[in-house]
Amino acid sequence: MRKILKKLQSRLVVFGLLLAVELVWLLTLVTRLVSYSAVISAAFTVLSLLVVLWIINRDDNPAYKVAWIILIMALPLLGGLFYLAVGHKQPSRKMRRKMEKERIRTEDELLQDPEVIEEIRSCDRRVEGQVRYTSVTGGYPVYKNTLARYYQIGEEMYRDLLEELKKAEHFIFMEFFIVGEGKMWGSIRAVLEEKARAGVDVRFIYDDLGSVALLPANYDRQLEDAGIKCIAFNRFVPFWSLVMNNRDHRKIAVIDGHTAFSGGVNLADEYINEKVRFGHWKDTGFMLKGEAVWNYTVMFLRMWNSQRRTDLSYDSYRPSVWHPQPFEGEGYVQPYGDSPLDDEEVAENVYLDILSQARDYVYIFTPYLIVDHEMQTALCLAAKRGVDVRIVTPGIPDKKMVFQLTRSYYPVLLKAGVRIYEYTPGFIHAKSYVCDDEIAVVGTINMDYRSLYLHFECGTYFYRSPLVADVKKDSLRTMEKSREITLRDTRQGFFGSLFCAVLRVFSPLL
């Protein structure tokens, strides 16, 4: 294991050096050109001015625009060029074209049952409005007849995931951001190989950058040789790339169309506390059995077929094909995806809606708290209305600078009445909302700019499902193990506050 880690660390160092060399080369080239000619210097300045005007006119998050404008003003000769190199958030045209084509080709696969919407409308018109938005605008229907089981720790989800994979008879679809060699992935890979040899259609997608430090190069070929169909999404190239921002941060496992797993848990040993990195690793997830699994199946197949056209139709993967018996389950379940390909921030809008409609409480788990003005205002307004808003963040950070940035948002939230806790035993990687004993969201979506604006993400909205009570119980138990933060804890001194102010300005770029 130590040898593997050393090799992986060496790869990271090499990639870092290559990126540094490229940046130094770019800076040297531009500096020499500018010093060579006043005309060239003026041209770069005009370019920066035009880029600033372009940024102002774009329909982007204001915080993102401000960060780039300040950077370009500070570096007028290089800022505009730097934005053109790495600042454009949209995926490449090729990626957009392929994924949009697949979405349009299969738009009839996800159709909303109007009777379900009407049932929710009779219960709560505001919830009906939210699920209608996610169904119509986001493209993911809401369902009944789905059993949901919540996992308050990664070890529990891993155990059931392994058992359900062993039961697979027809197909297994898996899509994960991080895959790392060790006990967890080793045992899952063994099952996948066994199932592939038995004729099960096994497909696997992992994010190449998310796993670059944990897997050997060209790992997808190793899995293909073992019979597992595999795609390394958005392959990492150690040079500045416009599409490196857009990662596949989803965690999805679909088994025979009727069973699905998702949540915050990746396929690496720290997620099941087999490897200790930042104290105790607290993560959550869930299993679905029933009609709502179809959303995750389509989500996976659209990603797969946009990269490797395989399926003319998705009909053979529907939940009822290999489970002819009627499904059971209380409440309503709505899995949904969020994508940087459109101009709709579905994930953030779901969170904002929960905060705006809350009456009694909202409890939140998030590993990072790097929010824009809209989200900060929503949190503060909910607390000022008398809603019991509580947020749990890590006690031991995985990224110290990001942790300091997270803490910089504490004072304004605390002053508004938001209660903040830090998970004392270690790192909390869970991403969840629970509200008023009726609504919960569990998924892959962090409260930071990358999750809300740049990554491919997924979550599930639960309404009047028994799972909601489980999320609430877990939230309260976790707070008991955590330390509540006060305003006194947020004092950082002049230089600390200055550093945090700089971080806040450039937080959308981190």
Looking at LYS399, LYS431, LYS415, which one is within 22 Å of the chain's Cα centre (by Cα) and closer than 23 Å to GLY496 by Cβ?
LYS399
How about the range 318-344: which of its residues are under 17 Å from TYR143 (Cα atoms) and touching a strand residue (DSSP E or B) at 6+ places or on another chain (Cβ under 7 Å)?
PRO319, PHE327, GLU328, GLY329, GLY331, TYR332, VAL333, GLN334, PRO335, TYR336, GLY337
Which residue pairs have Cβ atoms under 7 Å apart, sit 6 or more places apart or on different chains, and have a first residue in the range 409-425 that is in a loop (DSSP other than H, G, I, E, B) and a second that is among the hydroxyl-bearing types (Ser, Thr, Tyr)?
THR424/SER482
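Is it fair to say GLU344 is acidic (Asp, Glu) and in contact (Cβ under 8 Å) with a residue 40 or more places away in the chain?
Numbers: acidic (Asp, Glu): yes; in contact (Cβ under 8 Å) with a residue 40 or more places away in the chain: yes.
Yes.
Quick one: in the range 273-286, of everything that is surrounded by fewer than 23 Cβ atoms within 10 Å (Cβ to Cβ) and among the hydrophobic types (A, V, I, L, M, F, W, C), which residue is farthest from THR393 (Cα to Cα)?
From the range 273-286, those surrounded by fewer than 23 Cβ atoms within 10 Å (Cβ to Cβ) are 273-280; that's our starting set.
Filter again for among the hydrophobic types (A, V, I, L, M, F, W, C), leaving 276, 278.
Numbers: VAL276: 18, PHE278: 13 Å.
Step by step, filter the range 273-286, then rank; the result is VAL276.
Which one of VAL298, VAL254, VAL293, VAL321 is over 23 Å from the mean Cα position of the chain (by Cα) and either assigned by TED's automatic domain parsing to the domain that holds GLU109 or in contact (Cβ under 8 Å) with a residue 12 or more places away in the chain (or both)?
Details: VAL298 fails: over 23 Å from the mean Cα position of the chain (by Cα); VAL254 fails: over 23 Å from the mean Cα position of the chain (by Cα); VAL293 fails: over 23 Å from the mean Cα position of the chain (by Cα).
One residue alone meets the criteria, VAL321.
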Checking GLU118 against (1) within 18 Å of GLN334 (Cβ to Cβ); (2) in the same structural domain as MET303 (by TED's automatic domain parsing); (3) touching a residue at least 40 places away in the same chain (Cβ under 8 Å), only one condition comes out false. Which one?
(3)
Given VAL434, VAL387, which one is modelled with pLDDT of 95 or more and closer than 21 Å to THR134 by Cα?
VAL434
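Working only within the range 365-395, note down all residues that are assigned to a loop (DSSP other than H, G, I, E, B) and touching a helix residue (DSSP H, G or I) at 6+ places or on another chain (Cβ under 9 Å). I'd like the intermediate steps shown before the answer.
Going residue by residue through the range 365-395, those that are assigned to a loop (DSSP other than H, G, I, E, B) are 366-368, 370-372, 385-387, 395.
Across the range 365-395, the qualifying residues are THR366, PRO367, TYR368, ILE370, VAL371, ASP372, VAL387.
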Residue check, ALA378 against (1) within 30 Å of TYR332 (Cα to Cα); (2) crowded, with 23+ Cβ neighbours inside 10 Å, all met but one. Which one?
(2)
Consider GLY329 against the criteria (1) of a type outside the set (Ser, Thr, Tyr); (2) in a helix (DSSP H, G or I); (3) in the same structural domain as TYR151 (by TED's automatic domain parsing): it satisfies all of them except one. Which criterion is unmet?
(2)
Select from the range 124-174 the residues that are within 25 Å of ARG302 (Cα to Cα) and of a type in the set (Phe, Trp, Tyr) and write down the one among them that is surrounded by the most Cβ atoms within 10 Å (Cβ to Cβ).
TYR140
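So in the range 175-215, with the set limited to residues that are acidic (Asp, Glu) and assigned to a strand (DSSP E or B), which one is surrounded by the fewest Cβ atoms within 10 Å (Cβ to Cβ)? Step through it out loud before you land on a result.
Of all residues in the range 175-215, those acidic (Asp, Glu) come to 175, 181, 193-194, 201, 207-208.
Within this subset, residues satisfying the condition of being assigned to a strand (DSSP E or B) are 175, 201, 207.
Details: GLU175: 25, ASP201: 15, ASP207: 25.
Restricting to residues being acidic (Asp, Glu) and assigned to a strand (DSSP E or B), the top hit is ASP201.
TYR361: surrounded by 20 or more Cβ atoms within 10 Å (Cβ to Cβ) and within 20 Å of THR460 (Cα to Cα), yes or no? Talk me through it step by step, then tell me what you get.
Values: surrounded by 20 or more Cβ atoms within 10 Å (Cβ to Cβ): no; within 20 Å of THR460 (Cα to Cα): yes.
It is false that TYR361 is surrounded by 20 or more Cβ atoms within 10 Å (Cβ to Cβ) and within 20 Å of THR460 (Cα to Cα).
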Among all residue pairs at least 6 apart or on different chains, which show Cβ distances below 6 Å where the first residue, located in the range 356-379, is at positive phi and the second is surrounded by 21 or more Cβ atoms within 10 Å (Cβ to Cβ) and part of a helix (DSSP H, G or I)?
none
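Taking only the range 381-396 into account, find how many residues are touching a residue at least 40 places away in the same chain (Cβ under 8 Å) and either farther than 19 Å from TRP281 by Cα or surrounded by 20 or more Cβ atoms within 10 Å (Cβ to Cβ) (or both).
First pass over the range 381-396, keeping only residues touching a residue at least 40 places away in the same chain (Cβ under 8 Å): 390, 392, 394-396.
Now narrow it down to the ones that are either farther than 19 Å from TRP281 by Cα or surrounded by 20 or more Cβ atoms within 10 Å (Cβ to Cβ) (or both): 390, 392, 394-395.
Matching residues across the range 381-396 total 4.
The rows are residues; the columns are (1) part of a strand (DSSP E or B); (2) of a type in the set (Phe, Trp, Tyr); (3) crowded, with 18+ Cβ neighbours inside 10 Å.
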residue	(1), (2), (3)
VAL265	no, no, yes
LYS289	yes, no, yes
TRP294	no, yes, yes
ASP311	no, no, no
VAL321	no, no, no
GLN325	no, no, no
Identify, by number, the condition in (1) more than 23 Å from GLY395 (Cα to Cα); (2) crowded, with 17+ Cβ neighbours inside 10 Å that LYS472 doesn't meet.
(1)
Considering residues of the range 327-344 that are under 17 Å from the mean Cα position of the chain (by Cα) and surrounded by fewer than 20 Cβ atoms within 10 Å (Cβ to Cβ) only, the residue farthest from TYR133 (Cα to Cα):
LEU341
When only residues in the range 455-510 that are within 21 Å of the chain's Cα centre (by Cα) and at pLDDT below 85 count, which is farthest from ASP343 (Cα to Cα)?
ARG504
Residues of the range 410-431 that turn out to be in contact with a Ser or Thr (Cβ under 9 Å, 6 or more places away or on another chain), surrounded by 22 or more Cβ atoms within 10 Å (Cβ to Cβ) and either under 16 Å from LEU381 (Cα atoms) or not aromatic (Phe, Trp, Tyr) (or both), as a count
5
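Going through LEU381, LEU405 one at a time, which residue ends up being modelled with pLDDT under 95 and over 18 Å from ALA430 (Cβ atoms)? Before the answer, list the steps.
Numbers: LEU381 fails: modelled with pLDDT under 95.
Only one candidate qualifies: LEU405.
The values are calculated or read from the model by the stated rules, or taken from the named source; none is laboratory data. Note that the structure is a prediction, hence the values are computed from the model and not measured. Positions of Cβ are backbone-derived with ideal geometry, glycine not excepted, and every protein chain shown enters the neighbour counts.
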